[in-house]
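Right, one structure below, let's go through it.
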Amino acid sequence: MRQREAKIAVDGAAPPRKEHQRSAAGRLLDAEAAALAFPPRTKRPRCWGINVALVAIVMTVPPMVFILGARTSAPAVWISSLRGGRLTYGLVHVSDRLCSDDGSVLRWQERSFDKLLGGLLADGFDQKSCHSRYEAAMYRRNPGKKPSPYLVSKLRHQEALQRRCGPGTVAYSTTLEQLRSGNRGVMGSPECKYLVSISYSGLGNRILAAAAAFLYALLTDRVLLVDPSNEMGELFCEPFPGTTWLLPPGFPLTSYTNFSLDTVESYGNMLKNKVVRTDAGDVPAAQLPVYAYIHLNHDATQDDKFFYCDEDQKLLRDIPWLVFRTDNYIVPGLLLDRGFQEEFARLFPEPDTVFHHVGRYLFHPSNHVWGLITRYYDAYLATAQHRVGIQVRVFGALPDSPALLEQITKCTKKHGVLPEVLNGTEHKMPGPSRKSKAVLVTSLKSWYSEKLKSMYWEQAAVTGEAVSVHQPSHEEFQQFGAKSHDTKAWAEIYLLSLTDTLVTTAWSTFGYVAQGLGGLRPWVMYKPENDSVVTDPPCGQDMSMDPCFHAPPFYDCRLKHGADTGKIVPQVKHCIDMSWGLKLVHHS
């Protein structure tokens, strides 16, 4: 049995070896490991960056696990196998050097990467079909929160349900025939109920809506099927093993994507017209419609928002098909329903981690998008000692705003996110900088990043840091439904989530998604009443990483009258950036 040992080290030269002596698999292994975790080696101060040693053995035997020792001063890398020509890895240990200003090592800090995110993700996916699923953890310095054991078990149960009742199964065909007939007398599959989520609006809204739909499906034991329009299949990998979450062609409700506030079959309209009632005791399932349309858009009426009440949920659970439209993150509204609160607490002991877990479970960039992310990261962010994300959202067709630029600089300097700069007569200490800070700016406009870049080029930072400013794209205006636009937007959202410190714009779903995926509490720049005036203070740190629900109900279902829904349960408070909005917080 022949074997080769390949060693790759960032902080030490690899053993000399002629290229023609390397096997194809060995060269692939080197290239894969370098692409996944290690920036190109350049000459730097002794106390720079990450010290990583990768030791791997490629053998012509069935897949097995090797744990290989290295020098005691170097971290270990565990590799599971080389399958189909691609490196598959498990747990990776890396040591970060923490350095003093003179370049000496203060201490080592161990980090590890768990590709399954504490059990959040299921093992066994074909890695070739979705590189990001198991590679993403290697790009995050913040490992994120661990899911509860109950959430992990519930996700495995949901995956089994999706396989058992999803497209291509007998149960799906049977229940689809019931929907096609519109007759509850036609036998469906009693264990299979469905939630169809309509995909529309901007990318941030679509992501938040799909996450909310999935959580509702999880709470109510429904199969989630996502409308495939607006590139949902091109932007994201399939989240469920062994099945699809995309609604197949041939769905009987041919105009479902056009359902709106006026649709007769909307739950709000059926309540208003007394087609269904919640005041008549338990209604036999045979008397309920085969489907209902749930309209929870920003323009939803109070009749629509009765959806958040206990007695309405009891009625809805017996309707086989629900078609769901929202452009909002409705999750805080679900927690107002007393029937969900106990299950919710078991799933999420830390309530503000809902989107953090659901988002990392559902939304894996497709291979094309992942390529955009990793190439940009490796080129501009990988070697920085600190990474800052600044998300600039300009609403409407406003011109470049000096006031907004001033708000950005005031916010970032006041809270130490970016350093102050020296005036023209002062000079920084001689010699190359030993500190580096990479600033990632995302905006439809390039003006803001260019101004920041000029500021740190023309004047030195008082801290002595080398500050670089980068912006992947500037599309000038939002293009709804444009594939190239959404591809870049998704890549930039994900890049923001990989930063260490995040600054976002109030009201922006783009920023909400980034902070949730990254497990970050951002500095939120307040929305001024007058666009020519800088708010005082310019920003504040968000109370939690979870997104804000912009169009919540203002009704107490138990007392049956209007109420401040930010005061009903301790886990739901008003948002820092939108006074009437609701968000989940962690309370002690």
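The values are calculated or read from the model by the stated rules, or taken from the named source; none is laboratory data. In this text the structure is predicted, and so the values were computed from the model without any measurement. Heads up, the Cβs are rebuilt from the backbone with ideal geometry, glycines too, and the neighbour counts pull from every protein chain shown. These accessible areas exclude ligands, DNA and RNA; they are computed on the full protein's heavy atoms, side chains included. Shrake-Rupley method; radii C 1.70, N 1.55, O 1.52, S 1.80 Å.
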Name the pairs whose Cβ atoms lie under 8 Å apart, with the first residue in the range 359-384 and closer than 16 Å to GLY518 by Cβ, the second of a type in the set (S, T, N, Q) and open to solvent by 10 Å² or more (accessible area, probe 1.4 Å), and 6 or more positions between them or separate chains? ALA384/SER436; ALA384/SER468
Residue check, VAL323 β-branched (Val, Ile, Thr) and within 28 Å of LYS146 (Cα to Cα): no
Just name the residue that is farthest from the chain's Cα centre (by Cα) out of those in the range 206-241 that are at pLDDT below 95 and under 24 Å from CYS548 (Cα atoms). ASN230
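Table: residues versus (1) of a type outside the set (Gly, Ala, Ser); (2) surrounded by fewer than 23 Cβ atoms within 10 Å (Cβ to Cβ); (3) at pLDDT 95 or above.
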residue	(1), (2), (3)
ARG338	yes, yes, no
GLU343	yes, yes, yes
ARG346	yes, yes, yes
GLU350	yes, yes, yes
THR353	yes, no, yes
SER366	no, yes, yes
Would you confirm whether or not the range 292-303 contains a residue that is in contact with a helix residue (DSSP H, G or I) (Cβ under 7 Å, 6 or more places away or on another chain), modelled with pLDDT of 95 or more and in a helix (DSSP H, G or I)? yes
Tell me which residues, restricted to the range 494-526, are under 15 Å from THR412 (Cβ atoms), of a type outside the set (A, V, I, L, M, F, W, C) and open to solvent by 10 Å² or more (accessible area, probe 1.4 Å). ASP500, THR501, THR505, TYR526
Pick from the range 256-276 the residues that are part of a loop (DSSP other than H, G, I, E, B) and in contact (Cβ under 8 Å) with a residue 12 or more places away in the chain: which of them is farthest from the chain's Cα centre (by Cα)? VAL275
For PRO547, the lone unmet condition from (1) closer than 28 Å to THR301 by Cα; (2) surrounded by fewer than 24 Cβ atoms within 10 Å (Cβ to Cβ); (3) of a type outside the set (Asp, Glu) is (2)
List, please: which pairs have Cβ atoms under 6 Å, are six or more places apart or on different chains, and start with a residue in the range 184-205 that is buried (at least 21 other Cβ atoms within 10 Å of the Cβ) and end with one that is part of a strand (DSSP E or B) and basic (Lys, Arg)? ILE198/ARG325
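For every residue, the table says whether it meets (1) modelled with pLDDT of 90 or more; (2) more than 25 Å from the chain's Cα centre (by Cα).
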site: PHE395; (1), (2): no, no
site: LEU405; (1), (2): yes, yes
site: VAL421; (1), (2): yes, yes
site: GLY424; (1), (2): no, yes
site: HIS427; (1), (2): no, yes
site: SER433; (1), (2): no, yes
site: LEU440; (1), (2): yes, no
site: SER443; (1), (2): yes, no
In the set GLU177, GLU234, the lone residue that is assigned by the TED database to the domain that holds PHE324, assigned to a helix (DSSP H, G or I), farther than 25 Å from GLN313 by Cα and of a type in the set (D, E, K, R) is GLU234
Considering the range 236-284 alone, what residues qualify as being open to solvent by 70 Å² or more (accessible area, probe 1.4 Å) and at negative phi? PRO249, THR254, ASN258, ASP262, VAL264, LYS272, ASN273, VAL275, ARG277, ASP279, ASP282
Any helices (runs of 4 or more DSSP H) falling wholly within the range 308-396 and containing at least 1 residues that are farther than 19 Å from ASP486 by Cβ: 310-316, 331-334, 338-347, 354-362
With the first residue restricted to the range 452-463 and required to be surrounded by fewer than 18 Cβ atoms within 10 Å (Cβ to Cβ), and the second required to be acidic (Asp, Glu), Cβ contacts under 6 Å at 6 or more apart or on different chains are VAL462/GLU420
Scanning for something touching a Ser or Thr at 6+ places or on another chain (Cβ under 6 Å) and buried (at least 19 other Cβ atoms within 10 Å of the Cβ), does the range 298-311 turn up at least one residue? no
Take ALA379 and decide whether it is open to solvent by less than 20 Å² (accessible area, probe 1.4 Å), of a type in the set (A, V, I, L, M, F, W, C), over 28 Å from PHE240 (Cα atoms) and out of contact with any strand residue (DSSP E or B) (no Cβ under 8 Å at 6 or more places or on another chain). no
